[in-house]
């Protein structure tokens, strides 16, 4: 069985992320009234190596949204970097086989007791 293809590890340190990420500021819509509709304080980050796009619009200040977006980007990249440990197939132990067979015997007795009694 071939080894599963591993995605490239994405760097999550601040300096590298800022170099690899394109940063866009835009006007965030939604609730918030005049302040939110007039100011450009929403942030969108494009991480080129992974193709991940992160948006932060929930805070009133541009810098707070920028920090929130970079924190989300780090979390997303860590999730992408994670590789599950490969499963090693195992066989049932002798004890587990015996317990399974004993349980099947008990189930058989219970189910056979549910059947109607036949008078022959």
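Restricting to Cα pairs below 8 Å that are 6+ residues apart, what does the relative contact order work out to for the chain? Please round to a whole percent.
Relative CO of the chain lands at 20 percent.
Largest mean-square fluctuation among 65, 37, 81, in a Gaussian network model of the chain whose springs join Cα atoms under 10 Å apart, belongs to 37. When the chain is treated as a Gaussian network with alpha carbon springs shorter than 10 Å, the biggest mean-square fluctuation among 100, 60, 87 belongs to 100.
If you take the square roots of the eigenvalues of the alpha-carbon gyration tensor of region 14-81 and sort them as a ≥ b ≥ c, do you get rounded (a/c under 1.5), prolate (a/b over b/c) or oblate?
Numbers: a/c = 2.50, a/b = 2.26, b/c = 1.11.
The shape class here is prolate.
The stretch between residue 61 and residue 107 holds 10.0 nm of extra length on full extension. This uses 0.36 nm per residue minus the Cα-Cα distance. The helix-based estimate of mean residue ellipticity at 222 nm for the chain, built from -39,500 (n - 2.57) per DSSP H run of four or more residues and divided by its residue count, is -14500 deg cm²/dmol to the nearest 500. Considering only 32, 105, 51, the mean-square fluctuation computed in a Gaussian network model of the chain, springs between alpha carbons under 10 angstrom, is largest for 105. Each peptide among 112-119, 71-78 gets the average number of other Cβ atoms lying within 10 Å of its residues, and from highest to lowest they stand as 71-78, 112-119.
A value for Cα Rg over 2.2 N^0.38 Å was derived from the coordinates, and within the list (i) 2.13; (ii) 1.04; (iii) 1.33 it appears as (i).
Rule-based calculations on the coordinates, nothing more; no lab input. On a predicted model such as this, the values are computed, not experimentally measured, just so you know. Here the Cβ is made from the backbone with ideal geometry for all residues, glycine too, and neighbour counts use every protein chain on show.
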